[in-house]
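Asker: First, the structure itself, so that you have it in front of you.
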Amino acid sequence: MLVAGIDIGSGTTKCVLVDEAVAAALEAAGFHADAIGYTATTGLGRYAVPFRDIQITDLTCGARGAATACPEARFVLDIGAQCSRAIRLREGGKVKEFHMNEKCAAGSGGFLERAAKYLEVDVAAIGPLSSGAARPQAISSVCAVLAETEIINHVSEGVSVENILRGIHNSLADRALSLLKRVGLDGPVVFVGGVAQQAGVVVALEQKLGVPVHVPDGPQFTAALGAALLGRQRFLKVRRPAAA
């Protein structure tokens, strides 16, 4: 029996399946809809799934997923399409303290997507281009609209795309550092969310934070993984009395 964890964010929807049986046996049997015995949803759209069994906040799911991916880390940085958050973990992958920046998209993945549009580059190319910067151009505005105006001005002044992109990544790292300091940063950080796929942001973070930055495989699926794991935990709990 499978448990599905679905993360419906502002930018994309992610799903992770976890099982209770041997993976090889499940693969041999093949997957079908009847194999899903429980569904946990998270993210901004978690209430929009009519067949859900439980909904869990993305903060809780992100923490659990990050702790599972990197058990040794006590701090989580989650940058998604519309908001950024810093989390301090307690044992068991539970949230001890957190701070969020959701008032402005300048510190989020959505801002990166709009910047790519203005600079006429593919989002997938942002990381490699940023790595080739010789003189990063600072992006000082904390407002997304004003930051976009800065980018347009830099383009008109002939600043290279590489230097602008590295400036954007440095700006994201500065905002992340501010959030992490508020939760008492003093050790390695697990970096999750869609923006964690950007190699340029990872490099900028390591330079700004001064601590190791770990990016798990498929960082954009971290909250969905947490939802699936917490959903399985709940599923097993409610099933036991019937099985007794």
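Every read-out reported here was derived from the displayed coordinates using simple, explicitly stated rules and does not represent laboratory data. All values derive from a computational prediction rather than experimental measurement. In this analysis, Cβ positions are derived from the backbone assuming ideal geometry, glycine residues included, and neighbour counts consider all displayed protein chains.
Asker: Report for the chain the percent antiparallel among DSSP-assigned beta bridges with both residues inside it, nearest 5. Present the calculation step by step, with values, prior to reporting the outcome.
Answerer: Details: 19 of 33 bridges.
About 60 percent, rounded to the nearest 5.
Asker: Now a separate question. Give the longest segment of the chain that steers clear of GluC sites (Glu not before Pro) in DSSP loops with at most 14 neighbouring Cβ atoms within 10 Å, not counting the sites themselves.
Answerer: Formally, the longest exposed-site-free interval is 158-244.
Asker: Rounded to two decimals, what ratio of Rg to Rh does the chain give with C-alpha atoms and a Kirkwood Rh?
Answerer: 1.04
Asker: A further question on this structure: Rounded to the nearest 20 Debye, what is the dipole magnitude of region 127-244 about its Cα centre when Lys and Arg each give +1 and Asp and Glu each give -1 at the C-beta?
Answerer: In total the dipole reaches around 920 debye.
Asker: Now a separate question. Comparing 197, 220, 233, which has the greatest mean-square fluctuation in the GNM of the chain with Cα pairs linked when under 10 Å apart?
Answerer: 233
Asker: Using modelled amide H (1.01 Å from N, peptide plane; none on Pro or chain starts), what sits under 5 Å from the amide H of residue 190, excluding residues fewer than 5 places away?
Answerer: For residue 190, the qualifying residues are 75, 76, 77, 214.
Asker: Work out from phi, with θ = phi - 60° and the Karplus expression 6.51 cos²θ - 1.76 cosθ + 1.60, the ³J(HN,Hα) of each residue of region 156-170, listed in order in whole Hz, and give x for Gly and Pro.
Answerer: 5, 8, x, 5, 5, 4, 4, 5, 5, 5, 5, x, 5, 4, 5
Asker: Report the residues of region 52-79 in range of a label on residue 114: point 7 Å along Cα→C-beta, backbone N strictly under 19 Å from it.
Answerer: So the set is 79.
Asker: Taking the Cα centre of the chain as origin and charging only Cβ (+1 Lys, Arg; -1 Asp, Glu), how large is the dipole, in debye to the nearest 20?
Answerer: 920
Asker: Taking springs between alpha-carbon atoms closer than 10 angstrom, which of 224, 66, 124 fluctuates most in the Gaussian network model of the chain?
Answerer: 124
Asker: Using modelled backbone amide H atoms (1.01 Å from N, in-plane), which distant-in-sequence or interchain residues come within less than 5 Å of residue 97's amide H?
Answerer: HN-HN under 5 Å from residue 97: 88.
Asker: Can you list residues from other chains, or at least 5 along the same chain, whose modelled amide H is less than 5 Å from the amide H of residue 55?
Answerer: 41
Asker: Using r as the Cβ-Cβ distance of residue 90 and residue 207, and R0 as 30 Å, what FRET efficiency do you calculate, to the nearest 0.05?
Answerer: Working from the Cβ atoms, E equals 0.60.
Asker: Also, quick follow-up: Normalised by the number of residues in the chain, what is the relative contact order in percent for Cα pairs under 8 Å and 6+ residues apart?
Answerer: 26
Asker: Can you find, among 130, 230, 79, the residue farthest towards the positive end of the dipole of the chain? Put +1 on the C-beta of Lys and Arg, -1 on that of Asp and Glu.
Answerer: Checking the options against the dipole of the chain, the answer is 230.
Asker: Diagonalise the Cα gyration tensor of region 158-243 and give the resulting equivalent ellipsoid semi-axes, square root of 5 times each eigenvalue, largest first, whole Å.
Answerer: 36, 15, 9
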